[in-house]
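Step one of this worksheet: look at the structure below.
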Amino acid sequence: MLGSRKPSQNLVLISLAINLCSSILIVFLNKWLYRNYGFPNITLTFLHFLMTGLGLAACLRLGLFNRKSIPIMNVLPLSLTFCGFVVFTNLSLQNNTVGTYQLAKSMTTPCILLIQTILYQKTYSTRVKLTLIPITVGVIVNSFFDVKFNVTGTVFAIAGVLVTSVYQVWVGRKQTEFQVNSMQLLYYQAPLSAFLLLFIIPFHEPIIGEGGLFSSWPPQVYALVLASCCVAFSVNLSIYWIIGNTSPITYNMVGHGKFCLTLLGGYFLFQDPLALNQLGGIVLTLGGIVLYTHFKINEQEQEKKTKSHSSDDSHPSRRSFLPR
C-alpha cells in the first residue's frame, strides 16, 4: 500500500461493496444468534477477532502478504481503543434506547472530522462538511420518537463515540506510521484484541453455564457462529483496507449506508416495523451519502488533473521556451 500508487477507483468501489455486503450479512447473522438463541455479544466479538487472527496467519503461510515486525507495545493502544469501543458501545446500547444509541453513533463522523482537523491538521472542503447535515438530520428523524436521555446512558454514549472515533482514526494513522498495509497491521491487532477481550468477558457475560460460551448450544448455533466468524474476517479486513486507502470519514459514510440498508432488511426479513419518519430518515441519510460520494469523486478528479498539469509543466521535454 505505502510507497505505491493509490488504489484505482474501481478497486475502492469493489472494496466498499465487499464491506457493505459482508457487514449487512454479519448484522443479520448476529441478530439471528442474539434474538433466537441469546448468544453472548462480546464473546462473539472475541471469536470474530480470533478467527480474523487465524485467517491472517493462513494468508501469511500462503504468501498473500509479508510479515513486518511491529513491537506489541506499539499495537497495544490500537487494541485497547478497540476493546473500549466494544465495551462502551455495548454499555451505551444497554443503558439507552435504540434511538438514543443510534443518534450517539451518528456523532462518530463529525467527531472524527474534528479529531482529524484539530490533531492532524487535515482539511475538508465546505461542501463535504455540509453533507454531514442531511446524514445527521436523517438519523435524528429516524430515531426522534425513541430518544430518551439519562446520565449513565449519556456518559457511556459519549465515551463510545470518542473511543470509536479515535480507534478509526488510528486504524489509518498506524498504517502510515508503521509503514504497513492493512493485513500486516491487522495480523497483530486481531489476536491482541481477542486476548484483551478475554479479561473483559467475565465482567459482562457468563463463560460457563446457561448462556455462556461453553453451554450446550444446539448444532445450528455452532454453524451460525462459524459463518459469522468467517464473514467477520472479511468485514475486519475490508475496514482496515478502506480506512487505510481512503479515510475514516469515507468508511463512516459506508456505515451510514449499512444502517439504512439494515433497517430495510430488518423490515423485509424480520418484519421489523418501519415507521414513516424512519423512511424519511433513510431517504435523507442516503441523499447525504450520495452527495458526499459525488463531491469526493469530483475533488479526486480535480486533484488528478492538477497533478497531471504539474507533472507536464515540470517535464523538460514538455516545457515551452521563448526564442532569444
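Can you compute the helix-only [θ] at 222 nm over the chain? Use -39500 (n - 2.57) per DSSP H run of at least 4 residues, normalise by all residues, nearest 500 deg cm²/dmol.
-27000 deg cm²/dmol
Which one, 141, 128, 231, has the greatest fluctuation when you compute a Gaussian network model over the chain with C-alpha springs under 10 angstrom?
Comparing 141, 128, 231 in a Gaussian network model of the chain, the most mobile one is 128.
How big is the dipole moment of the chain about its Cα centre under a simple scheme where the beta carbon of each Lys and Arg is +1, that of each Asp and Glu is -1, and everything else is neutral? Debye, nearest 20, please.
1120
Springs between alpha-carbon pairs under 10 angstrom, Gaussian network model over the chain: which of 62, 264, 197 fluctuates most?
Looking only at 62, 264, 197, the largest GNM fluctuation is found for 62.
What pairs from 68/105; 68/122; 174/258; 258/296 go past 23 Å between their alpha carbons?
From 68/105; 68/122; 174/258; 258/296, over 23 Å: 68/105; 68/122; 174/258.
If a/c stays under 1.5 just call it rounded; otherwise compare a/b with b/c (prolate if a/b is bigger, oblate if not). Do that for the stretch 1-85, with a ≥ b ≥ c from the square roots of the Cα gyration tensor eigenvalues. It would help to have the intermediate numbers written out before the result.
Working: a/c = 2.02, a/b = 1.33, b/c = 1.52.
Oblate, because a/c is 1.5 or more while a/b does not exceed b/c.
Please say if the stretch 1-156 is rounded, prolate or oblate, where rounded means a/c under 1.5 for a ≥ b ≥ c the square roots of the C-alpha gyration tensor eigenvalues, and otherwise the choice is prolate for a/b larger than b/c and oblate otherwise?
Verdict is oblate for the stretch 1-156.
In a Gaussian network model over the chain where Cα atoms closer than 10 Å are linked, find which of 143, 216, 234 has the largest mean-square fluctuation.
Its mean-square fluctuation being the largest, the pick is 216.
The numbers here are math on the coordinates, done by the rules we state, and not lab data. Keep in mind the model is a prediction, meaning the values are calculated, not measured. When we count neighbours, we look across all protein chains shown, and the Cβ atoms used for this are built from the backbone with ideal geometry, even at glycine.
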